[in-house]
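Below is one structure, written out as structure tokens, with a few remarks after it.
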Amino acid sequence: MMDDAGLRARKKAKTRRALVEGAMRLFAEKGFEQTTLAEIAASAEVSTRTFFSYFAGKEEVVFFDAEERLDRTLAIVGHRREGESVTQLLLRVVEAGATWDDDLATRLAAERFRLVMTVPALQARALHLLFDSQRRVAEALCAAYPDELDSVSAAAAVGAMVGAAKLAAVMSLAKGEPYEAAWKAVRKAAQVVASGLDSLGRPARQPV
């Protein structure tokens, strides 16, 4: 039974990957709007009905790893280390993203960036995912530091760190720099923000 379950899981992962690869190839060749769900399904040798077992639509294919990345972030925040400051935790979250071991995401980074920057529907989807993920991470941060952070402080910390990291990556990729250079820019931006977040969780200085 365990072998059967493992085989099914591997088969599903293989089909999902084939759908992503096929869709991204078609988007590059034909354009996002011009590519049909039937064509994407055919590229992976499955039916359109099977496609919907994996993705709700074309937009979701482009952001195929978004939920997994968010789950990983929430797990890190939810298991803060003893004595770990807010700043240290957020830097660890950024570093976990920078060391994300996913060859598919790495290989498709440039094409995904091009799509998001040129397709209005994907821009809207990206913004929705960004705001939703920031909200969920801020809530998790509040729960991790109940005696140190309120909702406003948590929102400010997450917004500053995520905003800086995202913009640094966008500016790097917009210059045509490789994926590795973009993550180097993200790390640098995170360090800049971290220097301003160290006051979180400390008592406010009273006026003299």
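Local charge for Lys14 was computed over the other residues whose Cβ lies under 12 Å away, with Lys and Arg +1 and Asp and Glu -1, and equals +4. When the solvent-accessible area of the chain is split by element, carbon and sulfur atoms take up 57 percent of it, the probe being 1.4 Å.
With θ taken as phi - 60° and the Karplus curve 6.51 cos²θ - 1.76 cosθ + 1.60 applied, the whole-hertz 3J(HN,Hα) list for region 15-26 is 5, 4, 5, 5, 5, 5, 4, x, 5, 5, 5, 5 Hz, x standing for glycine and proline. May I ask which of Lys14/Lys188; Lys12/Lys166; Lys12/Lys58 have a Cα-Cα span longer than 25 Å here? Distance filter (> 25 Å) returns Lys14/Lys188; Lys12/Lys166. Annotation: per residue accessible area for region 1-103 equals 59 Å², rounded to a whole number [probe 1.4 Å, protein chains only]. Between the beta carbons of Val152 and Arg187, assuming R0 = 30 Å, the FRET efficiency works out to 0.65 to the nearest 0.05.
With the highest mean first, a sort of the peptides 133-141, 73-81 on other beta-carbon atoms found within 10 angstrom per residue produces 133-141, 73-81. With respect to the chain, whose longest principal axis is taken over its alpha-carbon atoms, helix 120-144 is tilted by about 40°.
In order along region 92-99, the Karplus-derived 3J(HN,Hα) couplings, from 6.51 cos²θ - 1.76 cosθ + 1.60 at θ = phi - 60°, round to 5, 5, 4, 5, 5, x, 5, 9 Hz, and Gly and Pro are given as x. Couplings 3J(HN,Hα) for region 79-89, derived from phi with the Karplus relation 6.51 cos²θ - 1.76 cosθ + 1.60 (θ = phi - 60°), are 10, 4, 7, 4, x, 6, 6, 4, 4, 4, 5 Hz, where x marks Gly and Pro. Helix content alone sets the calculated 222 nm mean residue ellipticity of the chain: runs of n ≥ 4 DSSP H residues at -39500 (n - 2.57) each, divided across all residues, give -24500 deg cm²/dmol.
The values are calculated or read from the model by the stated rules, or taken from the named source; none is laboratory data. Because the structure is predicted, anything quoted here is derived from the model rather than measured. So basically every Cβ, Gly included, is an ideal-geometry build from the backbone, and we count neighbours across all protein chains shown. For the accessible areas, the whole protein counts, side chains as well, though only heavy atoms, and no ligand, DNA or RNA atoms are used. Shrake-Rupley method; radii C 1.70, N 1.55, O 1.52, S 1.80 Å.
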